[in-house]
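Where a number appears in this text, it was derived from the coordinates with a stated rule and is not lab data. Because the structure is a prediction, the values reported are computed rather than measured. We place every Cβ from the backbone using ideal geometry, glycine too, and count neighbours over all the protein chains shown.
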Amino acid sequence: MQQELQARFPTLPWLTWAQAFDNLQLPLLVEDGTVTLAYEDLTRLTQSIAREVEAAYPGPPVYCTRALYLARKLDALVGFALLALEELEADPLVCGPLAFEVIIKLAEDNCVALEVLQAMGRLGSTDQQRATMILSDETGAFSMSERLHRLTHLYQAARAAAGK
């Protein structure tokens with residue numbers, strides 16, 4: 001933990017850390033002779049120090065391995081949703097209303113998942129292209145929201161025409 005904190009704020013005196021730690025009264029975890037903080041408490045401590053010293057955070061945010069796991073899962077689901085969008089565009093009635101909503105919600109993407117993957121250096125080249133488009137809000141001829149909006153109207157019209 002000490003090495004990680006020193007890497008975040010290399011010029012910060014340890015007295016400042018000790019004061020922040022004392023002010024927050026965070027519980028210590030001791031396991032096999034190693035003293036650590038829970039991830040959430042380490043985050044609180046780091047954020048408290050950053051606010052106190054008004055330090056500009058020079059690097060990407062810190063995420064735990066659980067965040068990486070969830071980001072990978074969500075990113076994989078988004079990939080499946082994007083594939084399903086192609087099927088929906090070809091035949092809007094290929095699925096029912098609940099499946100349609102799940103696909104649409106996943107296809108809307110979650111830039112937080114991409115930020116976690118990017119911060120942890122886990123983006124592939126196709127992920128990087130998607131991240132650049134989503135995180136910088138640069139879009140092509142049709143943005144994802146326009147595509148989803150158009151598809152929602154197609155789906156509703158197809159269901160109405162089919163009497164569903």
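Worth pointing out:
- Remark: spin-label model distance residue 51-residue 65 equals 3.0 nm, labels positioned 7 Å along the Cα→Cβ axis.
- Length gained on full extension, residue 14 to residue 29, computed as 0.36 nm times the residue gap minus the Cα-Cα distance: 3.4 nm.
- Stretching the chain fully between residue 150 and residue 80 yields a gain of 23.3 nm (0.36 nm per residue, less the alpha carbon separation).
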